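Scroll down for the structure; my scribbles are underneath it.
The values are calculated or read from the model by the stated rules, or taken from the named source; none is laboratory data. The structure displayed is predicted, hence computed values, not measured ones. For neighbour counting, all protein chains shown are included, and Cβ atoms are generated from backbone atoms with ideal geometry for every residue, glycine included. With ligands, DNA and RNA removed, areas are computed over all heavy atoms of the protein, side chains included. Shrake-Rupley method; radii C 1.70, N 1.55, O 1.52, S 1.80 Å.
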Amino acid sequence: MGLAGLARLHGLFAAYKPPGLKWKHLRDTVELQLLKGLNAGKRPASEHRVRFLLGPVEGSEEKELTLTATSVPTLIDHPLVRGPAFTSLKIGIGHRLDAQASGVLVLGVGRGRSLLTDMYNAHLTKDYTVHGLLGKATDDFCEDGRLVEKTTYDHVTREKLERILALIQGSHQKALVMYSNVDLQTQEAYEMAVSGVMRPTNKSPMLITGIRCLQFAPPEFLLEVRCMHETQKQLRRLVHEIGLELKSTAVCTQVRRTRDGFFTLDDALLRTQWDLPSIQDAIQSAAPRVAAELEKNLRPGLGTQQPSSPGWPWDSEGPSSALGLESHAGH
């Protein structure tokens, strides 16, 4: 395997991070498995050197000694002498996930780490499924946090929830236009808005480009959120603020990333697939798509946001609510 295997490791791939696992532990585990695979490859045959060894003369009855030219292997490259051929790999992490969150986590190996920077500069959107629970509030917006308040939720309906979500999406889309530094009176701005490819030019607070309710079975509800520049804590806080707007309270029970840019759950390797052959195949399979998407999204004058999917309208309007907008940019 050796250097040939290492040559196929330069690029990006996605892994599925389970809840409760820190991203650093995931990266270290992937590095350990890759090193194990690289070092398990068959090494080239050892070099031989000619040595003159002292030994008895063949066929002689007397105890005479003579020097005999003998080819012996050199031990300088033996694994027990030199140690493993590969001891470390340079592995970078894309948009991070905190310990409680799960889902798609993009990693870059070797020269692929520079592609992670390109992904940051492209301001690509990400998709999440966010589970909420009505009726209580905690200090950290998580279900297992310290309980602060309990409220009723019988008056909450799906129609009321969707009305709040429409206001959130409208306010964030107005903020997206502001951070994009686009003149709304130009044809370019109109075309970008219609096609859904508007993006911020620099860092910004969390921007939600689409949000909708997938399931509503009080006290539980499930949201799908398309956003950029977010942190998972901001998404949990969003659930809390939605509960307040509904004249109740809510906590977040799960945050799961289903897409990061052009990587989806179908691309993410499960924990049993964090081995050298699987990661090599994933990198080689994703390489053409990564190159094409980055070239398309980094061209001057074009945005990077994917076209809005059905049910995620661009033209929803609402008051300039501050729900979900914070003064600092997410990771």
Counting only residues in region 119-130 that are of a type outside the set (A, V, I, L, M, F, W, C) and surrounded by 18 or more Cβ atoms within 10 Å (Cβ to Cβ), the one modelled with the lowest pLDDT is identified as His123
Of the conditions (1) open to solvent by 30 Å² or more (accessible area, probe 1.4 Å); (2) in contact with a Gly (Cβ under 7 Å, 6 or more places away or on another chain); (3) in contact (Cβ under 8 Å) with a residue 40 or more places away in the chain, the single one that Leu116 does not satisfy is (1)
Given the conditions (1) open to solvent by less than 10 Å² (accessible area, probe 1.4 Å); (2) over 25 Å from the mean Cα position of the chain (by Cα), every one holds for Ile164 apart from (1)
Of Thr186, Thr209, the only residue that is among the polar types (S, T, N, Q) and modelled with pLDDT of 80 or more is Thr209
Residue pairs qualifying under the 7 Å Cβ cut-off, at least six apart or on distinct chains, with the first in region 204-223 being within 29 Å of His123 (Cα to Cα) and the second being of a type in the set (Gly, Ala, Ser) and modelled with pLDDT of 95 or more, are Phe221/Gly132; Leu223/Gly132
By residue number, the members of region 241-275 that are buried (at least 21 other Cβ atoms within 10 Å of the Cβ) and assigned to a helix (DSSP H, G or I) are Ile242, Gly243
Among (1) in a helix (DSSP H, G or I); (2) modelled with pLDDT of 85 or more; (3) surrounded by 12 or more Cβ atoms within 10 Å (Cβ to Cβ), Lys24 falls short only on (3)
Within region 92-104, is there a residue that is outside any strand (DSSP E or B), open to solvent by 70 Å² or more (accessible area, probe 1.4 Å) and in contact (Cβ under 8 Å) with a residue 24 or more places away in the chain? yes
Selection from region 239-274 of residues of a type in the set (A, V, I, L, M, F, W, C) and either in contact with a helix residue (DSSP H, G or I) (Cβ under 8 Å, 6 or more places away or on another chain) or without any contact (Cβ under 8 Å) to a residue 12 or more places away in the chain (or both) yields Ile242, Leu244, Leu246, Ala250, Val251, Cys252, Val255, Phe262, Phe263, Leu269, Trp274
- Query: Any chance region 286-300 includes a residue that's modelled with pLDDT of 95 or more and of a type in the set (S, T, N, Q)?
  - Reply: no
Open item on the list: Taking the conditions exactly as written (of a type in the set (A, V, I, L, M, F, W, C), farther than 30 Å from Phe263 by Cβ and out of contact with any Cys (no Cβ under 6 Å at 6 or more places or on another chain)), does Leu26 satisfy them or not?
Closed with: no
